1. Among the residues of the stretch 189-206, is there at least one that is basic (K, R) and assigned to a helix (DSSP H, G or I)?
2. So how many residues does the stretch 166-205 have that are closer than 24 Å to C259 by Cα and either β-branched (V, I, T) or exposed (fewer than 14 other Cβ atoms within 10 Å of the Cβ) (or both)?
3. Any residue in the stretch 53-65 that is in contact with a Ser or Thr (Cβ under 9 Å, 6 or more places away or on another chain), of a type outside the set (A, V, I, L, M, F, W, C), modelled with pLDDT of 85 or more and part of a loop (DSSP other than H, G, I, E, B)?
4. Could you list, in sequence order, the residues of the stretch 184-206 that are aromatic (F, W, Y) and modelled with pLDDT under 95?
5. Out of all the residues in the stretch 186-230, which are among the basic types (K, R), touching a Leu at 6+ places or on another chain (Cβ under 8 Å) and without any contact (Cβ under 8 Å) to a residue 24 or more places away in the chain?
6. Among the residues of the stretch 206-224, write down those that are exposed (fewer than 15 other Cβ atoms within 10 Å of the Cβ) and either farther than 21 Å from L158 by Cβ or in contact with a Cys (Cβ under 7 Å, 6 or more places away or on another chain) (or both).
7. Please give the number of the condition L264 fails out of (1) in a helix (DSSP H, G or I); (2) exposed (fewer than 12 other Cβ atoms within 10 Å of the Cβ); (3) not small (G, A, S).
8. Considering only residues that are under 16 Å from the mean Cα position of the chain (by Cα) and either not in a helix (DSSP H, G or I) or not assigned by TED's automatic domain parsing to the domain that holds Y203 (or both), which ones fall in the stretch 245-261?
Amino acid sequence: MLGIDEKLTETERLSAFFHMVNRLLPPDQVVLAIPPEMPAGEALSLMRANGYSQLPVKQGESVLGLFTYRAFALEVAKMKKPAVDPSTLAVEEFLEHEKPAYARLSDEFRGLVDVLDERDSVVVSGPDDLIAILTPMDVLRYLYSVANAFVLIEEIELALRALIRASTPDHELFLTCIRNALSKKYKDKELPQRLEDMTFDEYVALLRDGRNWPHFESNFGGTRERTRGKLEPIRDLRNDVFHFRRELSIGDHKALTTCRDWLLRCVRKVHAREGGRQ
């Protein structure tokens with residue numbers, strides 16, 4: 001009924017619309033668990049070698065707790081005059097300092113933000129069914145992947161407006177450029193008077209019009225055709241992003257980043273020309 005493959009699990013169906021824990025987990029994550037009798041020094045070496053900040057301690061299929069740098073440090077701090085080298089102690093001696101928090105794949109991640117802030121990790125998906133370890137960095141990377149296109153498009157659009165304003169400082173000149181580029185489109189309708197009332201495609205139309213280009217050339221650089229070629233694909237990507245038509249490819253993200261970096265250079269050029277600091 002919802003247009004989702006009925007063969008998918010309930011969690012997979014829900015995560016098609018909502019941000020569940022299963023969407024936050026890195027696809028290539030390998031969970032490295034250690035036995036409770038492993039010496040702490042050996043566990044610390046494993047953590048350093050793999051870039052982990054914690055390791056789940058398992059007996060059979062049961063998760064007994066988490067061995068972390070923090071747990072090791074707290075236990076060592078308790079030993080005023082340690083009779084033994086703490087690195088030789090079994091990791092189970094350190095588990096009282098880290099009480100694991102658990103989450104299911106179908107949980108909403110927003111409810112875990114405070115938990116991750118406090119504990120630095122969450123065990124997915126339960127004491128007897130270790131699937132993954134969720135960390136604040138996993139959440140950050142996921143949110144970055146979701147939001148990156150929106151952030152880049154915001155920067156592109158705001159920079160484009162700023163450059164158009166800088167190129168047409170006189171309002172009457174700006175209105176003339178609008179008439180040149182958009183009169184046929186609007187016909188008997190009132191033309192927009194402000195950039196904020198225009199679409200991204202209309203920004204491109206301003207620059208695309210040969211009568212307008214001399215006013216924009218010095219700030220955008222290059223040729224009218226090259227500028228058009230840089231911006232028109234962004235228009236289409238913008239529509240895909242804001243209407244959730246598809247997931248962007250790596251190439252799409254690269255195109256957005258390239259356009260954003262180009263406009264940043266244009267803005268810096270204008271700023272430097274006006275005597276400001278770069």
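1. The answer is no; no qualifying residue exists.
2. Of the residues in the stretch 166-205, 8 are closer than 24 Å to C259 by Cα and either β-branched (V, I, T) or exposed (fewer than 14 other Cβ atoms within 10 Å of the Cβ) (or both).
3. Checked the stretch 53-65: at least one residue is in contact with a Ser or Thr (Cβ under 9 Å, 6 or more places away or on another chain), of a type outside the set (A, V, I, L, M, F, W, C), modelled with pLDDT of 85 or more and part of a loop (DSSP other than H, G, I, E, B).
4. Of everything in the stretch 184-206, just one residue is aromatic (F, W, Y) and modelled with pLDDT under 95, namely Y186.
5. Across the stretch 186-230, the qualifying residue is only R224.
6. G210, R211, P214, G221, T223
7. Unmet for L264, out of (1) in a helix (DSSP H, G or I); (2) exposed (fewer than 12 other Cβ atoms within 10 Å of the Cβ); (3) not small (G, A, S): (2).
8. Matches in the stretch 245-261: E247, L248, S249.
The values are calculated or read from the model by the stated rules, or taken from the named source; none is laboratory data. Predicted, not measured: the structure shown is a model, and the values here were computed from it. No Cβ is skipped: glycine too gets one built from the backbone with ideal geometry, and neighbour counts run over all protein chains shown.
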